[in-house]
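Worksheet for the structure shown next.
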């Protein structure tokens, strides 16, 4: 068995990046992946402007406190200012352009206005309260690199340099297949020996949350011919095939043999818990990831192993997540594999859900992330473990 880190590295080495791109309106670009670097054709801000409401003046005209000066201009934001006469001030508002002839803004709380004049009670340093031209971005500066996910700050940044459309990568298409005769869709009656298909909804929602297109191919029964038909269809319509179940060593686990028949299997079994029976290979040239069928195992392996690979295929630059070190509030012996424990932050450190079974999905709803316990390492209260919060894995 390979370690989780070795598996992730191996998968990323085999990632084939989506190179198809399209231009979309900025308003529709949220969550998309930038296809090319973006530079600015403008300075931001485009001119010196006031950082607050107050009075713009030439610092040399008002050295010392309690100086009385006439108000020559009134400059609201959005209007081009005239030139400030020597020895005068301009009433100015936040965001308004600084007039020629002024080099300082005095905040209004430090002034008293009366009869068209203003008394300066407290004089700031020269240049105070002015946001200079290009303070944020200079013309010609690269502001975002290719592979960047466009979230709210990035969209705001692109709007600030005047972009209406942006070039992004086509969303990765991932075919989702659920394997097993025991699976029934929610809402249907359960017969003896059957369970509801939770992985279908779990995996499709993860993929959509990551900005991918989930192609739901439903349930493949435990029949090699029918699994082969579903996987063959998936290979034609998807960039990646993501299946769950059927990758263990039971007599009814046919996925491994089908993948080897249609393509090749380059990885099988990872030294992690939950999630040991994870497979990676290709079907008809299309990358294939086979996750375990137990729902907690499917979730953990999707987040820890499949996610970095899928992000690399999308061309994203944020697939690798580093755990944060936090103290633990529990005692636990280390096992032979690396444990990913459903945990949350309590008053005295990380707390574990009582049942860490691979079939207990309620544990993930209770938890705030995964505590990572290396193989063979015993842990005592107060010691630290790496912690992967759900928020970093979205």
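General observations
- R0 of 35 Å, Cβ-Cβ distance residue 164-residue 79: FRET efficiency to nearest 0.05: 0.90
- Taking 15 Å as the cut-off, the amide N atoms of the range 329-370 that come nearer than this to a point 7 Å along the Cα-to-beta-carbon line of residue 321 belong to 340-345, 364-370.
- The range 49-131 - share of DSSP beta bridges that are antiparallel (%, nearest 5): 85 percent
- Spin-label model distance (nm) - residue 195 vs residue 117, 7 Å beyond Cα toward Cβ: 8.6 nm
- Nearest-ten-degree value, helix 4-13 long axis tilted from longest Cα axis of the chain: 80 degrees
- Using the alpha-carbon positions of the chain, Rg (one decimal) and Dmax (whole number) come out as 29.9, 95 Å.
- Against the chain, whose longest principal axis comes from its Cα atoms, helix 224-237 is set at around 20 degrees.
- Normalised alpha carbon radius of gyration of the range 71-163 [divisor 2.2 N^0.38 Å]: 1.43
- Cα-based helix-to-principal-axis angle, 198-209 vs the chain, degrees rounded to 10: 30 degrees
- Per-residue ellipticity at 222 nm from helix content only, as computed over the chain with -39500 (n - 2.57) for each DSSP H run of at least four residues, stands at -5500 deg cm²/dmol.
- Extended-chain gain in nm, criterion 0.36 nm per residue less alpha-carbon gap, residue 139 and residue 229: 26.9 nm
- Simple spin-label estimate for residue 380 and residue 146 gives 5.3 nm between the two label positions (7 Å along the Cα-to-Cβ direction from each Cα).
- Protection proxy ranking, highest mean first, for peptides 163-169, 67-73: 163-169, 67-73, where packing is the per-residue count of other beta-carbon atoms within 10 Å, averaged.
Since every read-out is calculated from the coordinates, none of them should be taken as a lab result. Everything numeric in this text was worked out from a predicted model, so none of it was measured. Heads up, the Cβs are rebuilt from the backbone with ideal geometry, glycines too, and the neighbour counts pull from every protein chain shown.
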